[in-house]
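Encoded as structure tokens, the structure appears first; notes follow it.
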Amino acid sequence: MASTLIGGLAVAAPAMAQEGAADDDVVVITGSRIQRTDTVAPSPITSVNEELFELNNVVNTEDLLNTLPQLIPAFDATSNNPGDGTATVSLRGLGTSRTLVLVDGTRFVGSGAAQVVDLNNIPAAMVERVDVVTGGASAVYGSDAVAGVVNFILRDDFEGVEVSTSHEFSMDEGDAAISDVSVTLGGNFDNGRGNAVLSFGYTNREAVFQASREFSEVAYWSPGPGTDPYIPGGSSSIPETWIRPAAGNYFDTNPVDSSGDPYFLMTQPGGAIAERQVYNYAPTNYLQLPQERHMISAFATYEINDNIEMYARGIYANNVVDSQLAPTPTGTLTIDVNLDNPLLSTELRDLFANDASSNNGDGTATVRIARRMQEINTRNSLRDTNTFQGVLGFRGDINNDWSYDVFYNYSRSAVSQILSGNISVAAFQEAILCDGGPTAVASGCTAPALDIWNGANSVSAEAADYIARTGAQIDVIEATQAVASVSGELSNMASPMANIAPALVLGVEYRENSASIRPDSVLGPDVRGFNQSLPIEGSFDVYEFFTEVDVPLITDRPGIQSLNFTGAFRMSDYSTVGNTQTYAAGLGWEPVDSLRIRTQYNRAVRAPNVGDLFSPATNGFPGATDPCSGGLGSFDSDVIVANCIASGVPAASVGTPFQSNAQIEALFGGNANVDEEVADTFTIGAVWQPNFISGFTMQVDYYNIEIEDAIATPSLQNLLDECYRQDIQSACAFFAGARNPSTGEMANPYMPELFSSNLAVFEAEGVDVRVDYMWDAEQMGLSPDLGSFSVNYYSTFTIGNGYQTSEVAGFVACEGQFSGQCGEPTPEYKHVAQASWYWGNLTTSLRWRHIGGVDIEPSYAGFVSDRELSIDSYNYFDVTFGYDVSETVRVSLGLQNVMDEEPPVLTSTSSEQANTYPATYDPFGRRLFLGANLRF
């Protein structure tokens, strides 16, 4: 068992473990298509095998991948808002669309218009290992591999029957349960010429609400710098109704609060006016999204003759995930109300009638209102995904030196999404005017009266049903890949100083990707609740030629046991961006048997996806702080005043708190004119396997990744900061026409337009260190009866990680920082280490996950309390016990987060969601898992 663990986990093992291989064995390494006994990985690879999955009870693959220091967590089981029910992976934090996800070296269908792979649809029970390749690999695999590759290698050669089951839950709360069961059957047929494997899997994950944890049950606000305690806060959209005049921020007769500042009107029962309040939206939000998943996987190989082997793979997954948000906030709605509305209090009627901007002179008034429609219950997005992949291929030998591989890969993802809890603005307005008063009766209005004037829960069930809307959306994503390649040795072209011939791969590839996003009419501009969604229809294809070479230059010479040159080139012709070229060149030098030094340069590209190109302009609600609106110390310079006035904010409004919500509505969309983005990647490192320490491997690799002309949607907060604080006029152009001339607020129909552009630069630089050591007790002078031991250590030292949104904007450095313009914590040091003891039938394993301390991104340091300025380093310890009851039965028991570490508690100003970063820091506390495996 120990040798299996080390062989699967050691990064260096695939690259240097050829000494004992038979002459006809081949080693296939992710990151290269060359198959030969002496192939050495040209770029750093981290490989984790199925035993590590078992030791840590991995049900969803992102749970294990996100612990690796090379990755910054993306969406996972805790991603409710932001989140879309998918699970994704982001190498170096450079973006999910820049990490190419493969299954057995072939592409897997993505999700949504961006076509990012949802890891929920990859069968964890069938994973043999996962290879993570750092740096660009577009010359080998094509577009998207600019940050690197995550390749899931599945078990496709299996004999017998295996039944595995596991159950985990939070020990202290008794919740957060995840149950999983899988059944795998396989065997050989036709005298061993063929093998077939069939696997079934079922997963059920329990919902956990933010109300169930003390740190997340209240949405905290930051009281600002120089303070320590947090303020229970939430959203200004409350179950009562905020009311403002048609123009200006306040009615002339508005009362003032204790500080002397006027405040918005808020109706209470009877129409009384109360001071401002906030709504705690946290309790009804999910902390863990519920999931139910069914999976079927089938694999087959058959040797037709000595030169032709057929192989096939089929994967089907049905994955249902629910997201839940607090009841719909209307946002700021401009509505008409009858002045003879019997539901209005005398005080409100007089205010409306006496305000010159509101009274229309025809018996109606126009006012602006905002209310949270808790009478309609929560907003839910139920995402039902059906994914299929089918691969059929043929491979074999042409002669002693050459082989071929031809395959066709078709995959399809169909997503049915039901979005409930929305409201119709048109129905809302109609029901407001159907108030039962004289004007409404005379008009013949038949809608139920909508009473928003008399406090929380004043809306009748009939009126709530009338304005409520449930929307639906169907996504169909299809991907086709056809590849034909030949590989072999140029036996007559060996270097005069080498005894190994060069290896060569030549191939052609065709790919086609399409996306069809079809929302119903409910999810149009009339909807409030979930964002507006418009149809997206688009596709593109690409024809490619690729080649790879591995040329041994010198072998078996003093000081040069081997010196290899590796190269790759790919030429692509896209139907959208035209011709692109990618290439890679590297050297591998082995001065002595125990040391190998490797370096590689990659030029990689990412062509725009369907979403980048074809997404129509739709509204979104990013969280942002408007520097023109008062509060949080943002009103602090003449530059802000000048730029705010220049962009359309009334001079009298500058510095007043006119921003009515923490989210600002904006238009987002694709751009048919975007070009490909280009990445330059450089890696250099060494692999050391000293002869005097048996079983020891150490790997150190430096990486530098720079992506230019990166396709991105401008960040609203970045643009606000660049325009109003940094005086970058090109950023101010985004806000031309996006200000309400009466109030200065950005709200429908006054919205900034943020479309895809080649405007960004992303950079990542650091050092990865990996150590693997396996030894027997006897080697340490102990009794051999004590068994054997192993240690595996992965770490990353982040030197730089950041981005620049435009040529004139400043570079945002995110290493060692979190929040603000950086988002998810990016520690300068992170590691995961696993130590195992194999003693007879018992395996004991301890995992140590370390996340280095981080500081808040500097532009936000002036907005938050002292407690939020930094997050200390975190250490999590997990322990697992596995016992082989017999040759066919194995049971396991484990504790995760043994010390019951709670996540850092932040505020809504500095956190992602749930007052923390739940994908980075464990939000569930100590968890127990039980597992059993039966194989015969």
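Read-outs: derived from the displayed coordinates by stated rules, not from any lab. What you are looking at is a predicted structure, and each value in this text was computed from that prediction instead of being measured. As a convention, Cβ positions derive from the backbone with ideal geometry for all residues, glycine included, and neighbour counts pool all protein chains shown.
Quick notes on this one:
- Relative contact order, percent, the chain [alpha-carbon distance under 8 Å, six or more residues apart]: 12
- Under the Debye formula (equal points on every Cα, no solvent term), log10 I(q)/I(0) of region 787-907 at q = 0.10, 0.11, 0.13, 0.21 Å⁻¹: -0.48, -0.55, -0.68, -1.14
- When the alpha carbon gyration tensor of the chain is reduced to an equivalent ellipsoid, the three semi-axes, largest first, read 55, 29, 27 Å.
- Distant alpha-carbon pairs in region 519-570 (separation over 14 angstrom), percent: 73
- Counting only Cα atoms, the size of region 31-145 along its three principal axes is 47, 34, 23 Å, in decreasing order.
- Protection proxy ranking, peptides 79-85, 585-591, 90-96, average beta carbon neighbours within 10 Å, highest first: 90-96, 79-85, 585-591
- Loop-located GluC sites (Glu not before Pro) in region 704-737, at most 16 other Cβ atoms within 10 Å (DSSP): none
- Packing order of peptides 403-414, 919-930, highest average first: 919-930, 403-414 (average count of other Cβ atoms within 10 Å over each peptide's residues).
- For GLU537 and ILE398, the FRET efficiency from 1/(1 + (r/R0)^6), where r spans their Cβ atoms and R0 equals 41 Å, is about 0.45.
- Computed from the Cβ-Cβ distance with R0 of 41 Å, the FRET efficiency linking ASP593 to LEU782 stands at 0.90.
- In this simple spin-label model, placing a label point 7 Å from the Cα along the Cα-to-Cβ direction at both ALA932 and ALA617 gives a separation of 6.1 nm.
- Rh by Kirkwood over Cα pairs, then Stokes-Einstein D for region 577-723 at 1.002 mPa s and 20 °C, µm²/s: 105
- Summary of packing: across the peptides 617-623, 714-720, 886-892, the per-residue average of other C-beta atoms within 10 Å ranks them, highest first, as 714-720, 617-623, 886-892.
- Extension gain, GLU292 back to VAL791 (0.36 nm per residue minus Cα-Cα distance, nm): 176.1 nm
- Charge dipole (Cα centre; +1 on Lys/Arg Cβ, -1 on Asp/Glu Cβ; no other charges) of the chain amounts to roughly 620 debye.
- Residues CYS644, CYS434, ranked from the fewest to the most other C-beta atoms within 10 Å, line up as CYS434, CYS644.
- Inter-part distance where region 286-322 and region 718-784 are each reduced to a Cα centre, Å: 34
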